[in-house]
Amino acid sequence: MKTLSSLIAGIALCGAATLAQAADNPLSVHVLNIQTGKPSSGIDVILERQTDSGWEELATAKTEEGTGRISALFPEDEEFEAGVYRVTFETGDYFDAQGTDTFFPEIPVPFTVEDTSQHYHIPLLLSPYGYSTYRGS
């Protein structure tokens, strides 16, 4: 019984640590497939920052299984600065895995960060032949 209690406590602490990391991270994304009404899991997402010489890649991650979210996309070792950023959702492989054709093999979403004390959330509503995005909270 003591082992089970320790296991449950360990799981709870891991979950709390993950939530704390996500709460401190300034950027999250979420992908919902509006054709199926379900979260889009396994989509590669690339984060870049615009510089004087072009786009600098900062991070890559996959949307989580079951939720379609990446709750902490900005790298911990980078300073979150004002500027222009871009998240690119690699949707072609996602639709290929489902055996579905798509018109948009990738969806780049540039956005401006003005206030680095705020959290920036980029949801993507996705279908094979259209998409919509907005600044979430």
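The values are calculated or read from the model by the stated rules, or taken from the named source; none is laboratory data. Just so you know, these numbers come straight off a predicted model, no measurement behind them. Ideal geometry is used to build each Cβ from the backbone, glycine not excepted, and the neighbour counts take in all protein chains shown.
Observations on the structure shown:
- Residue match in the stretch 84-106 (condition: of a type in the set (Ser, Thr, Tyr), within 17 Å of the chain's Cα centre (by Cα) and surrounded by fewer than 17 Cβ atoms within 10 Å (Cβ to Cβ)): no
- Residue in the stretch 54-61 that is part of a strand (DSSP E or B), within 19 Å of Ser40 (Cβ to Cβ) and of a type in the set (Gly, Ala, Ser) present: yes
- Flag for Ser40 being in contact (Cβ under 8 Å) with a residue 60 or more places away in the chain, small (Gly, Ala, Ser) and in contact with a strand residue (DSSP E or B) (Cβ under 8 Å, 6 or more places away or on another chain): yes
- Test: residue in the stretch 49-61 that is farther than 30 Å from Gln98 by Cα, more than 17 Å from the chain's Cα centre (by Cα), loosely packed, with under 14 Cβ neighbours inside 10 Å and modelled with pLDDT under 95: no
- Picking from residues in the stretch 112-136 that are in contact with a strand residue (DSSP E or B) (Cβ under 6 Å, 6 or more places away or on another chain) and of a type outside the set (A, V, I, L, M, F, W, C), the one that is nearest to Val31 (Cα to Cα) is Pro123.
- Filter result (assigned to a strand (DSSP E or B) and either among the charged types (D, E, K, R) or touching a Ser or Thr at 6+ places or on another chain (Cβ under 6 Å) (or both)) within the stretch 108-121: Pro108, Val109, His121
- Of all residues in the stretch 84-100, none satisfies being over 23 Å from Leu126 (Cα atoms), of a type outside the set (A, V, I, L, M) and either modelled with pLDDT under 95 or not in a loop (DSSP other than H, G, I, E, B) (or both).
- Close pairs (8 angstrom Cβ cut-off, 6 or more residues apart or separate chains): of a type outside the set (A, V, I, L, M, F, W, C) in the stretch 65-76, crowded, with 18+ Cβ neighbours inside 10 Å and part of a loop (DSSP other than H, G, I, E, B) anywhere: Gly68/Ser40; Gly68/Ile43; Arg69/Thr63; Ser71/Asn25; Glu76/Asn25
- Scanning the stretch 67-83 for residues that are surrounded by fewer than 18 Cβ atoms within 10 Å (Cβ to Cβ) and farther than 15 Å from Pro26 by Cβ yields a single hit, Thr67.
- Flag if Ser127 is surrounded by 12 or more Cβ atoms within 10 Å (Cβ to Cβ), of a type in the set (S, T, N, Q), over 11 Å from the mean Cα position of the chain (by Cα) and on the phi < 0 side of the Ramachandran plot: yes
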